[in-house]
Amino acid sequence: MEKLIMVSDKEAISQYTHNLKFLKSMKQFHRFNDSYFSSASSIRYEGDTITITMENILSDVKILRKPEFETVRYNK
């Protein structure tokens, strides 16, 4: 997902921050079944260009670009 965001425009982030699409995509990509996550599950990811935070499985995810996003996004 980080690579997709790195090579896309700003709209790519909003595609994953609503309607629980981030969690649905994670389940599909990693082949997790519905019982893999619980109501207490949370995700914190910090990459080279973005941070992803999910507080629980019922909340939308927050994806933030780091300040150096534009300078490192194509250099990885």
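The values are calculated or read from the model by the stated rules, or taken from the named source; none is laboratory data. From a predicted model like this one, the values you see are computed outputs, not experimental measurements. Positions of Cβ are backbone-derived with ideal geometry, glycine not excepted, and every protein chain shown enters the neighbour counts. We work out accessible area using only protein heavy atoms, side chains counted, and drop any ligands, DNA or RNA first. Shrake-Rupley method; radii C 1.70, N 1.55, O 1.52, S 1.80 Å.
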Item to complete: Considering each of 45, 36, 16 in turn, give the residue that is out of contact with any strand residue (DSSP E or B) (no Cβ under 8 Å at 6 or more places or on another chain) and aromatic (Phe, Trp, Tyr).
Response: 36
Worksheet item: Tell me, which residue of the range 42-69 that is assigned to a loop (DSSP other than H, G, I, E, B) and of a type in the set (Val, Ile, Thr) is most open to solvent (accessible area, probe 1.4 Å)?
Response: 57
Item to complete: Working carefully through the options 22, 29, find the one that is among the hydrophobic types (A, V, I, L, M, F, W, C) and more than 9 Å from the chain's Cα centre (by Cα).
Response: 29
Worksheet item: Which one is least open to solvent (accessible area, probe 1.4 Å) among residues in the range 14-29 that are part of a helix (DSSP H, G or I) and more than 16 Å from residue 51 (Cα to Cα)?
Response: 25
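Any idea which of 59, 38 is free of Cβ contacts under 8 Å to residues at least 60 places away in the same chain, among the hydroxyl-bearing types (Ser, Thr, Tyr) and farther than 18 Å from residue 17 by Cα? Please lay out each step first, then the result.
Working: 59 fails: farther than 18 Å from residue 17 by Cα.
Going through 59, 38 in turn, just one is free of Cβ contacts under 8 Å to residues at least 60 places away in the same chain, among the hydroxyl-bearing types (Ser, Thr, Tyr) and farther than 18 Å from residue 17 by Cα: 38.
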Discussion item. Being surrounded by fewer than 13 Cβ atoms within 10 Å (Cβ to Cβ) and either modelled with pLDDT of 85 or more or in a helix (DSSP H, G or I) (or both): is that true of residue 37 here?
Written reply: no
Item to complete: Could you please tell me which pairs satisfy a Cβ distance under 6 Å, a separation of 6+ or placement on different chains, a first residue in the range 2-31 that is farther than 21 Å from residue 42 by Cβ, and a second residue that is of a type in the set (D, E, K, R)?
Response: 6/73
Worksheet item: Out of the range 1-13, which residues are under 10 Å from the mean Cα position of the chain (by Cα) and either outside any helix (DSSP H, G or I) or closer than 19 Å to residue 56 by Cα (or both)?
Response: 1, 13
Fill in: Residue check, residue 69 modelled with pLDDT of 85 or more and at negative phi
no
